[in-house]
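Taking it in order: structure first as structure tokens, then the write-up.
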Amino acid sequence: MRVIGIIPARFDSSRFKGKPLADLCGRPMLWWVYHQVKKAKRLAEVWVATDHEAIRQACGEYQIPCKMTSPQCPTSTQRVYEAAQSLKADLYVCVNGDEPLLDPALVDAVVPDSLEGFFAANLMAPIHSPVEAVDDTNIKVVADEAGNALFFSRSPIPHPKASVEYQFYKHLGVLCYTRAALEFFDQTPRGPLESIEDINELRFIEHGRKLKMIPVEAKTLSVDTPKDLEYVRGVLRQKVDRGEI
């Protein structure tokens, strides 16, 4: 199988404008994300997909392969789909551009061993903190016995009415798509649930398509706000000082 990684990088984020270019220890955050994703063993290539000239220029400066996409792309998934039009592969792995400390092994974990019966997959990790459970930037997910997603929500799900013996899970921004899955997403309109929760992955569920959820252990450090950036910068600086990266 030929698998290509694509990092969608949007400049005009509603919570943090210019986030992909935010400085982390002397380099833009996008540089750190790219170099972590590039360490994944199952990817043939890694590209950035962006809609902004400043990000394209930064990619050129750091020799990061880049595809320009339309500013009208409404979602990161559709940005990946647009970039994939000129990148031939069996599978496309989308990695959100706000995880500068992403473990490359997680990228490999979302890639299936076979294309047979595969449509799309997403990683999910246990939630160990009550703060994460109620934080609406952490998207919670429940899956059926076969491991396919049943629902995503910004609220804690399921509600522990009859039992507290349950592990909450959050979705991670690492997804794997066939070209057919990307085409389906691009050509299918938003449903009411996706519009309410503002969660891309609900498009598959609302229209009866299977999205395989793969459980992994992961301590994620996503950057959603400038405050998150300061925390991640401190963690990175310690790792650099210890010679870990």
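Observations
- GNM remark for the chain: springs join alpha carbons under 10 Å apart, and the peak mean-square fluctuation among 88, 227, 39 falls on 227.
- Environment charge at residue 237 (Cβ cut-off 14 Å; Lys +1, Arg +1, Asp -1, Glu -1): 0
- Gaussian network model of the chain, Cα within-10 Å springs - most flexible of 109, 146, 83: 146
- Amide H to amide H distances under 5 Å link residue 47 with 5, 6, 7, where only residues 5 or more positions off or on other chains count and H is placed in the peptide plane.
- Rg then Dmax, both in Å and based on the Cα atoms of the chain: 17.4, 56.
- The listed peptides 46-52, 230-236, 157-163, ordered by packing as a protection proxy, come out as 46-52, 230-236, 157-163 (highest mean of other Cβ atoms within 10 Å first).
- When the chain is treated as a GNM with alpha-carbon contacts under 10 Å, the residue of 192, 215, 112 showing the greatest mean-square fluctuation is 192.
- Over the range 1-131, the ratio between the Cα radius of gyration and 2.2 N^0.38 Å evaluates to 1.05.
- Whole-percent carbon and sulfur share, accessible surface of the range 1-152, 1.4 Å: 49
- Phi-derived couplings, Karplus 6.51 cos²θ - 1.76 cosθ + 1.60 at θ = phi - 60°, listed residue by residue for the range 51-58: 10, 10, 5, 5, 6, 4, 5, 5 Hz, with x used for Gly and Pro.
- Only helices enter this figure: runs of n ≥ 4 DSSP H residues, each worth -39500 (n - 2.57), summed and divided by the residues of the chain, yield -8000 deg cm²/dmol at 222 nm to the nearest 500.
- Cα radius of gyration and Dmax for the range 113-188 (Å): 14.4, 41
- Among beta bridges that DSSP assigns inside the chain, antiparallel share in %, nearest 5: 55
- Listed pairs 19/161; 39/67; 39/161; 19/88 exceeding 32 Å between Cα atoms: 19/161; 39/161
- Using C-alpha pairs under 8 Å with a sequence gap of at least 6, the mean separation divided by the residue count of the range 1-146 gives a relative contact order of 29 percent.
- Taking each residue as 0.36 nm, the span from residue 17 to residue 57 lengthens on full extension beyond its C-alpha to C-alpha distance by 12.7 nm.
- Ranked by the mean number of other Cβ atoms within 10 Å of their residues, highest first, the peptides 170-176, 150-156 come out as 170-176, 150-156.
- Whether the range 45-102 is rounded, prolate or oblate, judged on the alpha carbon gyration tensor where a/c under 1.5 counts as rounded: rounded
The values are calculated or read from the model by the stated rules, or taken from the named source; none is laboratory data. These numbers come from a predicted model, not from an experiment. Ideal geometry is used to build each Cβ from the backbone, glycine not excepted, and the neighbour counts take in all protein chains shown. Just the protein is used for accessible areas: all its heavy atoms, side chains included, with ligands, DNA and RNA removed. Shrake-Rupley method; radii C 1.70, N 1.55, O 1.52, S 1.80 Å.
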